[in-house]
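Before any comments, here is the structure.
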Amino acid sequence: MQNPPIFDGHNDTVLALCATDADKRRDFFTKSEQGHIDFPRAQEGGLAGGFFAMYTRSPERMTGMPGDYLNDDGSYEFPLPSPPEQIDALKFTVSAAAKLLEVEKQSQGKIKVVRTADELAHCLDNGIFAMLLHIEGAEAIDTDFESLHVFYAMGLRSIGPVWSRPNAFGYGVPFKYPATPDIGPGLTAAGKTLVRECNQLGVLIDLSHLNEKGFWDVASLSDAPLVATHSNAHALSATPRNLTDKQLDALAESNGVVGMNYHIGFLREDGRSDKETSLAEIARHAAYVAERIGVEHVALGSDFDGAVMPQDLRDAAGLPKLMDALREYGFSEADLEKIAYKNWVRVLRDTWK
């Protein structure tokens, strides 16, 4: 069977494109054995584009994995680093955006940074790789929002107010298991203003990494669909990075979407980082969300280049295996088209106006 084109809700590939360490830096047009996405592997696996996250690392680097902090009862809490200074985040985000625009230029028409839903649909229909500029953790944005408007002019169309660590706009969820996302306060006054500014511009607000109070703050303020670009179902894996049933219900009521995250620790019932995790686990979360709120609200949000994948999905070239796993779980070909790209196009059209 021919698979539909896949538009993905989240990757961290730009970190590798901008890496200062030559051993970790990748060229987007060269097939690599490192990481998860480059243009050749995307074409091989049917990845037609996605949200390219511009995430600024903390001054102190995270070390190890959650499994390194595992307790005897299977629980863990991974310590979070502090946020970067605004000026440092601004400098990196400008560099990251410039790198993605450079990739677009070098592609000679094969890759496009999309700014409208019509451009995205055109790319999907014509085999042009579509890059969506996304900021993960709004540390680069000043509280006067001048940089937000400049980034919008550059092509920014999606922003996550926080990446787990707290910042001027709100509070995120820890990497902890088991735990609820109802942890700490929600959006700050500046965070609430950020939502209003993004609504006015037509910039998507990403709820992944935001804590539950922040989620409800956005729900009460925003006139756009509620979207979590790379999260799963908390009922199936009790990490605070996943959405509760009430959050899923609210997302559906807004005609929003949740992108299924492939990270093994957000899929498994036991929360463990086991690479032998089956691709059926991704399908299990997709089926749970589809049964509860409808397949129209299910999408894909891999977390490629930012998380640990199941061993049968070692990179973007392996995406046909995921499509087969979804089929085996009972999703129809029409369902797969919605999950792979149609739901993203609808929500972005509604959000970008």
Index of the failed condition, Asp38 passing every other in (1) among the acidic types (Asp, Glu); (2) modelled with pLDDT under 95; (3) touching a Phe, Trp or Tyr at 6+ places or on another chain (Cβ under 6 Å): (2)
Output for region 111-156, where each listed residue is farther than 30 Å from Pro84 by Cα and assigned to a loop (DSSP other than H, G, I, E, B): Thr116, Gly127, Ile128
Per-region count, region 251-273, residues in contact with a Gly (Cβ under 9 Å, 6 or more places away or on another chain) and either outside any helix (DSSP H, G or I) or at pLDDT 95 or above (or both): 12
Residue match in region 275-293 (condition: surrounded by fewer than 24 Cβ atoms within 10 Å (Cβ to Cβ), modelled with pLDDT under 95 and not in a helix (DSSP H, G or I)): yes
For Ile159: the one exception among (1) outside any helix (DSSP H, G or I); (2) more than 20 Å from Arg115 (Cβ to Cβ): (2)
Residue in region 34-45 that is over 20 Å from Ser107 (Cα atoms) and either in contact (Cβ under 8 Å) with a residue 60 or more places away in the chain or surrounded by fewer than 13 Cβ atoms within 10 Å (Cβ to Cβ) (or both) present: yes
Odd one out for Ser237, checked against (1) among the small types (Gly, Ala, Ser); (2) surrounded by fewer than 23 Cβ atoms within 10 Å (Cβ to Cβ); (3) not in a helix (DSSP H, G or I): (2)
Phe145 surrounded by fewer than 23 Cβ atoms within 10 Å (Cβ to Cβ), of a type outside the set (Lys, Arg), modelled with pLDDT under 95 and touching a Leu at 6+ places or on another chain (Cβ under 8 Å): no
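The values are calculated or read from the model by the stated rules, or taken from the named source; none is laboratory data. In this text the structure is predicted, and so the values were computed from the model without any measurement. Quick reminder, even Gly has a Cβ in these numbers, built from the backbone with ideal geometry, and neighbours come from all protein chains shown.
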